[in-house]
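Beneath this line is the structure, given in structure tokens, with notes to follow.
The values are calculated or read from the model by the stated rules, or taken from the named source; none is laboratory data. Bear in mind that the values here come from a model prediction, so they are computed numbers and not experimental data. Cβ atoms come from the backbone with ideal geometry, glycine included; neighbour counts cover every protein chain shown.
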Amino acid sequence: MSPSDQSWLENRISAAVADDFYLDRDEEKGIKEETASKGFLIADTEVTLRSILDKYGAVSERQLLDTLDRWLHQFTDDDKKLDPKEERDALDKAVRPATGKKKGLDPRIAEGYVASFCKVNGIKRSTDGNKLTIPLVLIALIAFAGVGGFLWQSNKAAEVKVETRTETRTVTVPVTEAKLTDTDKAEVDDQLRRAEEYVEAAQFTDPPEKSAKACLDTIRRIDSSGKYRSEEIKDLITKIISEYIGLADKSFGQEDKVGAQKWLDRAKLFHAESELIREKERAFGMLPTEVSSTPKVVK
């Protein structure tokens, strides 16, 4: 990038954030479309963008949504549930201004994203339910505490029944998941086509509702067994991760370790090639060197 191009880009970004210290997704998209038309590299634009944001203490809505997305995945990937404390913690990470920043994520945007995330990923969100459910359960437990042994025996019987039903479901669910209807397959085909288009447009994770990640999440929900068009999906994810690793390499080569970590964190959102990403983090000095676990031979 020439000095004049660099100066233009810095002024362009400054004009967008100097008044409110907040770069929303539409503003950032517009800037990137302008830089792309001028032939600027995405990585160069990102480095300048991060520099100007730091200069003004401003924030990128897209980056804050990525932070929120990572925390939501961390809280929900295992049990597909988001309880009130987890939701508060995730929102706090994005909405509360970070050190050196004058703003955090717009609460309305954050709330809308949490609702969309839960819907797209099939997450049970406790705050969507009846807020009196927990208090009523506690009252019921206290009221029946006096029945002692009978209640204990009844509960044990109930536990056995629940466990039995759970075991039955565990056996039958894989068979159901493997049988996709023609409608399901058509939807997967469409989502994969869209994901490929988003990848070509470098919309890997942003905007959240119109990105390759959103399409791949939808495919995962439709075909939880991951068998239909699995190789094509795997190849697409590998391509996305390769792009992020390439950006991480360039950032690290420019001594921008924070930027390199950001790109690797984006790659982690796709839940694949985890060992490759860890190896890259080790190479960048982001992880402690592992001590070999090979036992010594005692002679």
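Does Y228 satisfy being under 21 Å from L68 (Cβ atoms) and either surrounded by fewer than 20 Cβ atoms within 10 Å (Cβ to Cβ) or aromatic (F, W, Y) (or both)? So Y228 fails the test. Those helices (runs of 4 or more DSSP H) of the stretch 17-115 in which 3 or more residues are under 20 Å from G259 (Cα atoms) occupy 25-37, 42-56, 61-76.
Residue under question is A272, and the condition is that it be at pLDDT below 85 and buried (at least 16 other Cβ atoms within 10 Å of the Cβ); does it hold?
Working: at pLDDT below 85: yes; buried (at least 16 other Cβ atoms within 10 Å of the Cβ): yes.
It is true that A272 is at pLDDT below 85 and buried (at least 16 other Cβ atoms within 10 Å of the Cβ).
Evaluated against (1) hydrophobic (A, V, I, L, M, F, W, C); (2) farther than 22 Å from A202 by Cα; (3) out of contact with any Phe, Trp or Tyr (no Cβ under 6 Å at 6 or more places or on another chain), I31 falls short on exactly one condition, (2).
Yes/no per residue for (1) at pLDDT 65 or above; (2) exposed (fewer than 10 other Cβ atoms within 10 Å of the Cβ); (3) hydroxyl-bearing (S, T, Y); (4) in contact with a helix residue (DSSP H, G or I) (Cβ under 9 Å, 6 or more places away or on another chain):
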site: G100; (1), (2), (3), (4): yes, yes, no, yes
site: D106; (1), (2), (3), (4): yes, no, no, yes
site: I109; (1), (2), (3), (4): yes, no, no, yes
site: Y113; (1), (2), (3), (4): yes, no, yes, yes
site: R125; (1), (2), (3), (4): yes, no, no, yes
site: F144; (1), (2), (3), (4): no, no, no, yes
site: P174; (1), (2), (3), (4): no, no, no, no
site: L180; (1), (2), (3), (4): yes, no, no, yes
site: R193; (1), (2), (3), (4): yes, no, no, yes
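The requirement of being outside the structural domain of D249 (by TED's automatic domain parsing), surrounded by fewer than 16 Cβ atoms within 10 Å (Cβ to Cβ) and touching a strand residue (DSSP E or B) at 6+ places or on another chain (Cβ under 7 Å) is fulfilled nowhere in the stretch 62-74; no residue meets it. Against the condition surrounded by fewer than 18 Cβ atoms within 10 Å (Cβ to Cβ) and out of contact with any Pro (no Cβ under 7 Å at 6 or more places or on another chain), how does R25 come out, does it pass? Spelling it out, it is not the case that R25 is surrounded by fewer than 18 Cβ atoms within 10 Å (Cβ to Cβ) and out of contact with any Pro (no Cβ under 7 Å at 6 or more places or on another chain). Please find, within the stretch 1-16, the residue that is nearest to G57 (Cα to Cα) out of those that are touching a residue at least 12 places away in the same chain (Cβ under 8 Å) and small (G, A, S). Within the stretch 1-16, the match that is nearest to G57 (Cα to Cα) is S14.
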